[in-house]
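First up is the structure itself, then whatever we jot down about it.
The values are calculated or read from the model by the stated rules, or taken from the named source; none is laboratory data. From a predicted model like this one, the values you see are computed outputs, not experimental measurements. Quick reminder, even Gly has a Cβ in these numbers, built from the backbone with ideal geometry, and neighbours come from all protein chains shown.
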Amino acid sequence: MTSITASLYCGADATPAVATTGSVPLSSQGDARIDEHITLPAKCLAPIVLVHPNGNPAAYIAASGFEQS
């Protein structure tokens, strides 16, 4: 894996993503910083952000909006 993108989904079953960032490279330590503004829809119930390896929207390596039971 050499880069990541991040996508915003409105709700757990929402497809497609309402916004996706451009690709950013990973450092040799595996760190990356996405410094980009995205346009949010007027309504976004239960927003979830998924981080995709190498810009592959079919996979994710990190997620927000989830809580362990």
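Odds and ends about this structure:
- The stretch 18-29 - residue that is under 19 Å from GLY65 (Cβ atoms) and of a type outside the set (S, T, N, Q) and, of those, nearest to the chain's Cα centre (by Cα): ALA19
- Looking across the stretch 1-17, just one residue is modelled with pLDDT of 95 or more, crowded, with 18+ Cβ neighbours inside 10 Å and more than 8 Å from the chain's Cα centre (by Cα), and that is ILE4.
- Candidate set from the stretch 45-65 (those that are touching a residue at least 12 places away in the same chain (Cβ under 8 Å), part of a loop (DSSP other than H, G, I, E, B) and not hydroxyl-bearing (Ser, Thr, Tyr)); member that is nearest to SER7 (Cα to Cα): PRO57
- Condition broken by ALA42, with the remaining ones in (1) surrounded by 13 or more Cβ atoms within 10 Å (Cβ to Cβ); (2) of a type in the set (A, V, I, L, M); (3) free of Cβ contacts under 8 Å to residues at least 12 places away in the same chain satisfied: (1)
- Residues in the stretch 18-29 that are surrounded by 10 or more Cβ atoms within 10 Å (Cβ to Cβ), out of contact with any Gly (no Cβ under 6 Å at 6 or more places or on another chain) and outside any strand (DSSP E or B): VAL18, THR21, GLY22, LEU26.
- Condition met for ALA32 (surrounded by 10 or more Cβ atoms within 10 Å (Cβ to Cβ), among the small types (Gly, Ala, Ser) and closer than 18 Å to GLY65 by Cα): no
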